[in-house]
Amino acid sequence: MHLETLLHRMLQNARMRVACFAALFIAIFGILGIGASSEGPADDTVPSSAVCPIVYQLDQSPSSRGYHYSFFGNGFFINEQGYLLTAAHVVETFRDGGQPYILVSRPNSPPRLVKASIIAVDSEHDVAILRATPNPFSGKHNVTFLPLSSDPATPGQAVLALSLHPPKQQNANTFQVPREDRFSGEVLSYESTQLEKSAPAAEVFLLSHPVNLGQSGSPVLAVDSRAVVGLVEGRWLRSSGLSLAKSSTPSASAPGAAVPIRYAIALLQRQSISWHTAQPPPASSPAH
């Protein structure tokens with residue numbers, strides 16, 4: 001089957017599933033704010049090399065600008081075995097076929113497309129595990145992993161959302177270095193919502209800053225521990241029955257929402273996949 005025909009069928013099937021949701025609208029190809037800036041000072045010490053755009057390769061062979069691709073969202077590495085976490089709806093389209101890829105940075109070279117296998121999905125809590133093959137940590141790639149927090153995010157806690165997106169979403173290619181977004185803010189509250197049709201309600205926590213469509217699956221880190229406390233889910237629209245929406249209509253006043261990392265940790269445990277936790281700060285020496 002021609003690649004473009006396959007992509008068209010994939011998108012058509014995904015849109016039919018989206019129409020079944022009453023208050024939950026998932027836009028996998030959300031329009032990004034080009035050159036988006038952080039809401040307040042952002043922490044530059046968290047490495048963006050742990051974050052990877054999740055994409056679909058459109059070309060069978062590269063052009064003068066590398067491979068063209070379609071952008072779906074973000075994922076991030078959680079260990080040196082090449083495992084990543086993302087939001088389940090980011091890879092929803094690939095349930096009907098097609099190979100997802102991640103875009104991995106390399107020192108002194110353009111980013112590279114690496115195949116990403118879908119290992120496990122928890123649609124009820126909107127989390128998914130991927131694995132990059134071949135493992136980027138075994139080659140010459142600029143990659144690292146992020147630790148996961150064993151403590152839940154708490155209201156008032158300072159957090160940072162980190163994501164990447166292509167400079168030209170309508171004509172994305174691998175010779176372009178993805179642009180980085182760092183949004184800093186704080187946790188507002190916990191809310192309950194249905195993340196999957198006919199599933200029980202799940203918890204999300206709200207962020208004091210909005211999120212751009214296309215940031216789904218990105219890590220939300222605690223500023224103090226630099227550990228991941230959640231994954232970006234979408235925008236929270238209270239006018240839509242207190243429902244979560246990934247709508248194509250921007251709303252500057254709508255806060256962002258994130259899935260608590262405990263749902264992802266539970267999925268990792270069921271798959272017997274290891275992850276890293278934040279290192280405790282060194283104990284201070286007693287004064288003499």
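The values are calculated or read from the model by the stated rules, or taken from the named source; none is laboratory data. This structure is a prediction, so every number in the text was calculated from the model and none was measured. Glycine gets a Cβ as well: all are built from the backbone with ideal geometry, and neighbour counts include every protein chain shown. Protein only, heavy atoms only, side chains kept; ligands, DNA and RNA dropped before computing areas. Shrake-Rupley method; radii C 1.70, N 1.55, O 1.52, S 1.80 Å.
Annotation: extensible slack from R106 through Q170 equals 20.7 nm (criterion: 0.36 nm per residue apart, minus Cα-Cα distance).
Taken per residue, the accessible surface of the stretch 126-190 reaches 43 Å², heavy atoms only and a 1.4 Å probe. Stretching S117 away from E80 to a fully extended chain increases their span by 11.8 nm, per 0.36 nm per residue minus the current alpha-carbon distance.
Each of S64 and R179 was given a label point 7 Å from its Cα along the Cα-to-Cβ line. The distance between the two points is 2.4 nm.
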